[in-house]
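For reference, the structure discussed in these notes is given below.
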Amino acid sequence: LLYLVRIPAGTFTMGSPSSEDDRQSDEAQHQVYVPEFWMGQFTVTQAQYQRITGQNPATSSDRSRFVDPQKPIINVDWDDAVDFCGALSQRTGRSYGLPSEAQWEYACRACTQTPFHFGETITPDLVNYHGNHPYANAPKGQYREETTPVGSFPPNPWGLHDMHGN
């Protein structure tokens, strides 16, 4: 069962300002219109992926701490994700696909104007990432060294979880 969230149509400034920390040269700001679409509230879990494809690529990893039905699927590439969407579409009779870069950034920001939907920086209290390498002026924090169950962190204003990483 996938929980979907309706993402309203809108225009937003895609990319980042030249003053933003860790900005890449190809992230120039520009206005983008995004029509309404639906997006998964959570990252696809290992259990969901296995239910649809009959496989759990996480089990092929030598890092058993990542294997958990409620954790996000790992060890899949773009083609695997497209195949999952195709299998899900065939099984349900509805059309599923991966979001475009613009759709993903728009959904992630959820009409906020900061680099992250919750503000100017991230911390391990809000996102699962390598806390020993803080972003901007954030303090160092916990480094879990593994993924966490989906939905472990607060959602953005539109109810989407784990948009800044897991």
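Some observations on this one:
- Result for the chain in a Gaussian network model with C-alpha springs under 10 Å: among Ser25, Ser60, Ser16, the largest mean-square fluctuation is at Ser25.
- Lys/Arg +1, Asp/Glu -1 at C-beta; region 56-132 dipole; positive extreme among Ser60, Asn132, Tyr96: Tyr96
- Surface exposure of the chain, expressed per residue as accessible area with a 1.4 Å probe, stands at 58 Å².
- Ligands, DNA and RNA left out, the 1.4 Å accessible surface of the chain is 48% carbon and sulfur atoms.
- Diagonalising the gyration tensor over the Cα atoms of region 54-130 and scaling each eigenvalue by 5 before taking the square root yields semi-axes of 27, 21, 10 Å, largest first.
- With the highest mean first, a sort of the peptides 5-12, 93-100, 68-75 on other beta-carbon atoms found within 10 angstrom per residue produces 68-75, 5-12, 93-100.
- Residues in region 117-123 carry Karplus couplings, in order, of 4, 9, x, 7, 8, 10, 9 Hz; the curve used is 6.51 cos²θ - 1.76 cosθ + 1.60 with θ = phi - 60°, and Gly or Pro positions show x.
- All Cα pairs of region 84-166, percent lying beyond 14 Å: 68
- Label-to-label distance for Thr11 and Tyr33 is 0.8 nm, based on points extended 7 Å past Cα in the beta-carbon direction.
- Region 1-98: translational diffusion in µm²/s, Stokes-Einstein, Kirkwood Rh over Cα pairs, 4 °C, 1.567 mPa s: 81
- Around the amide H of Trp38, modelled in the peptide plane, lie the amide H atoms of Ile7, all under 5 Å away and 5 or more residues distant in sequence or on another chain.
The values are calculated or read from the model by the stated rules, or taken from the named source; none is laboratory data. On a predicted model such as this, the values are computed, not experimentally measured, just so you know. Neighbour counts are summed over all protein chains in view; Cβ atoms, including those assigned to glycine, are modelled from backbone coordinates with ideal geometry. Ligands, DNA and RNA are stripped out before the accessible areas are found, and what is left, the full protein with its side chains, is counted by its heavy atoms. Shrake-Rupley method; radii C 1.70, N 1.55, O 1.52, S 1.80 Å.
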